[in-house]
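Scroll down for the structure; my scribbles are underneath it.
The values are calculated or read from the model by the stated rules, or taken from the named source; none is laboratory data. From a predicted model like this one, the values you see are computed outputs, not experimental measurements. So basically every Cβ, Gly included, is an ideal-geometry build from the backbone, and we count neighbours across all protein chains shown.
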Amino acid sequence: MSVTAADGRSDLVGRAILLTLVTIAVFGAQDAISKILVQNYSTFQVTMMRYWGFAAFSLWLVMRQAPLRQALSSRVPLLQVLRGSLLIIEIWCFARALQSVPLGELQAISLVYPLLVTLFAIPLLGEKVGIFRFVAVLVGFAGAMIIVRPGGLPLDWGVAFAGLSSVLYALYLVITRKVSQYDSAATSMAYTGVVGLVLSSAVGVFFWEPMGWIDVMLICIIMVTTCAGHGLMIYALSMAPASVIQPFNYFSLPWAILLSAVVFGHWIDGISLIGAVIIVVAGLVVMARERMRKVAVAPEPGLPGHE
């Protein structure tokens, strides 16, 4: 019986990993389509239409659990509004970076966000970071500097927006951790959908341009893949802990490099690839140390309150 149970858990973890990889492939393709669109349309318009799909999906999920008015009842509404605002601004910055930064290099820079989460968690969450993780964070940032070195990526606004996008996303994740101490996941998702929908539409309508049928079809694909990607990730997280599948998110880097080469004809140069690998390794080290820390502080089996 125990062997069967273990095999069942193993099958679920395997499916979760597969779904995670499919999700990353979906989001990577979505970024490639977005990069095509932002060459001809305002990033605010593309972001607004992209967010329509995400907001519809998130609010649908929320209303399946509780009325929207009830879900919007928060103990920390200002922090929830800040979360939603940070996410939409982050998406604006990422879309702006897509205009000029190749997908491979952009994805590599974006992957510094787990390292930034480690740093921001110190003042905002009161977490303690040991010397080992701190060194890993510094090494990861060194990898990012290799990518934007003289002779590497042109130091333009695209690179600046890519870095700002990572900073904002890390802050969004840290504040998400903080509000989870007060509000349910449904409340956080409701605020993310409503705040993002309002902000993206309030700005995006001023940059509206008529779109051709092909571009409308591409936007519709983005909306569908947004819902599909988030749905697949939620399904994957129901099968395995986030700490198990999170390292597989780094599959987004080789996938972005491949899409950049196939769709846009750009191959990441060797030195930048080394920098990207350094970022990935540093991020994996930070994740591993974080998981070890959580295991170390977890109550032992058999203690009161532990099941």
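Just a yes or no: is a residue in the stretch 136-154 farther than 19 Å from Gly275 by Cα, surrounded by fewer than 19 Cβ atoms within 10 Å (Cβ to Cβ) and among the charged types (D, E, K, R)?
Among the residues of the stretch 136-154, not one is farther than 19 Å from Gly275 by Cα, surrounded by fewer than 19 Cβ atoms within 10 Å (Cβ to Cβ) and among the charged types (D, E, K, R), which makes the answer no.
Determine whether Val159 is surrounded by 15 or more Cβ atoms within 10 Å (Cβ to Cβ), modelled with pLDDT of 95 or more and of a type in the set (Val, Ile, Thr). So Val159 fails the test.
Here is a yes/no grid of residues against (1) among the basic types (Lys, Arg); (2) over 18 Å from the mean Cα position of the chain (by Cα); (3) not in a helix (DSSP H, G or I):
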site: Gly231; (1), (2), (3): no, no, no
site: Ala236; (1), (2), (3): no, no, no
site: Ile245; (1), (2), (3): no, no, no
site: Phe248; (1), (2), (3): no, no, no
site: Phe251; (1), (2), (3): no, no, no
site: Pro254; (1), (2), (3): no, no, no
site: Val263; (1), (2), (3): no, yes, no
site: Ile268; (1), (2), (3): no, yes, yes
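When each of Ala108, Ala66 is tested for being farther than 22 Å from Ser201 by Cα, hydrophobic (A, V, I, L, M, F, W, C) and crowded, with 23+ Cβ neighbours inside 10 Å, the lone residue that passes is Ala108. Given the stretch 43-142, what helices (runs of 4 or more DSSP H) lie entirely inside it while holding 2 or more residues that are out of contact with any Lys or Arg (no Cβ under 6 Å at 6 or more places or on another chain) and modelled with pLDDT of 90 or more? Output list reads 43-65, 77-98, 103-110, 113-125.
Among the conditions (1) more than 16 Å from the chain's Cα centre (by Cα); (2) in contact (Cβ under 8 Å) with a residue 40 or more places away in the chain, Leu138 misses just one, which is (2). A count restricted to the stretch 186-216 and to residues that are surrounded by fewer than 20 Cβ atoms within 10 Å (Cβ to Cβ), out of contact with any Ser or Thr (no Cβ under 8 Å at 6 or more places or on another chain) and part of a helix (DSSP H, G or I) stands at 11. Can you tell which of Val295, Val286 is buried (at least 19 other Cβ atoms within 10 Å of the Cβ), outside any loop (DSSP other than H, G, I, E, B) and modelled with pLDDT under 85? From the options Val295, Val286, the qualifying one is Val286.
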